[in-house]
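Computed from the coordinates by the stated procedures, all read-outs in this text should not be read as laboratory data. Worth saying up front: this structure is predicted, and the values here are computed from it rather than measured. Cβ: placed from backbone, ideal geometry, glycine included. Neighbour counts: every protein chain shown.
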Amino acid sequence: MGRDKALLPLDPSTGGPTAVGRTLVEQIAARVRAAAGFVTLIGAPERYPSLGLPAAADLIEDCGPIGGVYTALKISSAPWNLIVACDMPAVTTGFLAALLEAAREADAECFVPDTGSSLHPLCAVYHRRALAAFQHAIDHKSFKMHDLLRSSQTVAWPVADPSLLENVNTPIEWSAR
C-alpha cells in the first residue's frame, strides 16, 4: 500500500475513500464497538495516539496475525472476542453482531466466516479457551492462521455476501472502492 492502511481516510457517508473524514481503523473500531460493546486496537500504540482508542502492543512480536490475536485473547477478560482486521472497509455492524451471536450459540474455540472459497480468520470470533492453541502455535513457530484453525475446534460460518470481507492491500484496490 505504501502507507499505513489503518490511517486511510474514509468518507463517513459512503465508507469509501475521501480526502477528509474518519480513518479506516476508526470506522472499523466504531463497528466493532457497536457490535461487541468494547474495542481495543492491537498494534503499536505510539502509531495511533490521536485516535483516542484503547490500544495494546503485540505481546509477542514478529509472528504476524497470530501474535495480534494472541495478544487480544491474553489481555481480554471477555470469554468471546471479536477480531477484525483494519483493512475491511465493507464489513458492517450488523454482520459483526450476527457473527458474534452465532459464535456464542456454536460455542466453538474459533468461529470463522467462510465465503466458500476461503476462511477469513481476521474477521472472526475467538473464545478465550483458544489462547492455548495460539500459545502452542507461537511456541512452535507455526504462524499460519489457517494451520491454527485446522488444529483447533473451529466452526466455519457460511457467508452469503463475500464482498463484506474484502480487504484492501494496494492503492488500486483502495481507489476502486
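When only the Cβ of Lys, Arg, Asp and Glu is charged (+1, +1, -1, -1), the dipole of region 1-155 relative to its Cα centre reaches about 100 debye. Listed by Cβ neighbour count within 10 Å, with the fewest neighbours leading, Leu24, Leu99, Leu7 appear as Leu7, Leu24, Leu99. Taking Cβ atoms as reference points and 10 Å as the exclusive limit, the residues near Thr93 contribute a net charge of +2, counting Lys and Arg as +1 and Asp and Glu as -1.
May I ask you to derive the relative contact order of the chain, considering only C-alpha pairs under 8 Å and at least 6 residues apart, and to give it as an integer percent?
Averaging sequence separation for qualifying contacts and normalising by length gives 22 percent for the chain.
Remark: Cys110, Cys86 ranked as Cys86, Cys110, counting other beta-carbon atoms within 10 Å and listing the fewest first. In a DSSP loop and with at most 15 other Cβ atoms within 10 Å, the trypsin sites (Lys or Arg not before Pro) in region 105-152 are Lys141, Lys144. Of the chymotrypsin sites (Phe, Trp or Tyr not before Pro) found in region 119-154, none is in coil by DSSP with at most 10 other Cβ atoms within 10 Å of its Cβ.
By DSSP, the beta bridges lying fully in region 5-175 are antiparallel in about 60 percent of cases.
Report, in deg cm²/dmol and to the nearest 500, the calculated mean residue ellipticity at 222 nm for the chain, where each DSSP H run with n ≥ 4 adds -39500 (n - 2.57) and the sum is divided by the residue count.
That calculation yields -9500 deg cm²/dmol at 222 nm.
Kindly identify region 30-92 as rounded, prolate or oblate by the Cα gyration tensor criterion: order the square roots of the eigenvalues as a ≥ b ≥ c, call it rounded if a/c is under 1.5, otherwise compare a/b with b/c, prolate if a/b is larger, else oblate. Rounded, since a/c falls under 1.5. Listed from fewest to most Cβ neighbours within 10 Å, the set His140, His146, His120 follows the order His140, His146, His120.
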